[in-house]
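What follows is a single structure, written as structure tokens, with notes after it.
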Amino acid sequence: MALGSQSRWTVRPAAGPQIGIDAGLRDYMLRIYNYMASGLALTGIVAYLFAHSPVYAQVAHTPLIWLIMLAPLGLVMWLSYGISRMSASTAQALFWVFAAVMGLSMASIFMQFTGESIARVFFITAGTFAAMSLYGYTTQRDLSQMGSFMMMGLFGIIIASVVNIFLASSALQFAISVIGVIVFIGLTAWDTQRIKAMYFEIDHSDGQIAGKTAIMGALTLYLDFINLFIMLLQLLGVRRD
């Protein structure tokens, strides 16, 4: 009788904190996914409006278009390397600015591909992303080795893409897109697992740290989604005549 009572006494306190941790993790991940989804929505709206505005036609064939194309990279670097010196509200504002500028840089896809194929590829991307992010969240397997391999693949894609600017090879572009899909599928799972693990490492009593960590998690998954979408669009999108 004493042993049974002791067992019940020890199990109940252990279960209580675990439930609290799971609830906190769920809220943390939902916050990140909400940021990411809102950023994607903002990017899509800005891209569509800019592509169908007279301003786009005026800047599309000027050097200004290069500034628009490269601005998101600059904002990502600013946010990534400067977030430790920012407040959470500043980081969040910069994330929205980045998502809007990314929309400007992606407006050209509405000129290159049909609206139907863009929508179809978007839903394919969303389904693939959701499946791999869920896998990264639930798996007990350590994905760090796979993540390191995918990062090597990412650097290879970047180098090949730069080379292909000068070669303009359709075969190389096809290879880049195929490898890119594999790489960003893997990165989605790995990044989700890393973001989940990070939850247990941060000080949640400090709202600034928790807020900035959520923004960086959203930015990471946003970039995985956008790049996966672009790679799939190159493979499956229907180009305008």
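The values are calculated or read from the model by the stated rules, or taken from the named source; none is laboratory data. Remember, it's a predicted structure, so these values are computed and weren't measured experimentally. Please note: Cβ atoms are built from the backbone with ideal geometry, for glycine as well, and neighbour counts cover all protein chains shown.
General remarks:
- Positions within the range 22-81 being more than 26 Å from residue 208 (Cα to Cα), hydroxyl-bearing (Ser, Thr, Tyr) and touching a residue at least 60 places away in the same chain (Cβ under 8 Å), in sequence order: 48
- Annotation: of all residues in the range 184-241 being part of a helix (DSSP H, G or I), more than 25 Å from residue 123 (Cβ to Cβ) and of a type in the set (Gly, Ala, Ser), the one that is modelled with the lowest pLDDT is 207.
- Of all the residues in the range 150-177, those that are of a type in the set (A, V, I, L, M, F, W, C), out of contact with any helix residue (DSSP H, G or I) (no Cβ under 7 Å at 6 or more places or on another chain) and under 24 Å from residue 135 (Cβ atoms) number 3.
- Within the range 101-129, residues that are in contact (Cβ under 8 Å) with a residue 60 or more places away in the chain and closer than 27 Å to residue 58 by Cβ have Cβ atoms under 6 Å from residues that are of a type in the set (A, V, I, L, M, F, W, C) and in a helix (DSSP H, G or I) in these pairs: 103/46; 103/47; 106/47; 107/47; 107/50; 107/51; 110/51, counting only partners at least 6 apart in sequence or on another chain.
- Of the residues making up the range 36-55, not a single one is under 22 Å from residue 205 (Cβ atoms), surrounded by 15 or more Cβ atoms within 10 Å (Cβ to Cβ) and modelled with pLDDT of 95 or more.
- Just one residue in the set 68, 83 is assigned to a helix (DSSP H, G or I), crowded, with 18+ Cβ neighbours inside 10 Å, of a type in the set (A, V, I, L, M) and more than 19 Å from the chain's Cα centre (by Cα); that residue is 68.
- Complete set of residues in the range 193-241 that are aliphatic (A, V, I, L, M) and under 23 Å from residue 22 (Cβ atoms): 195, 197, 198, 202, 209, 210, 214, 215, 216, 218, 221
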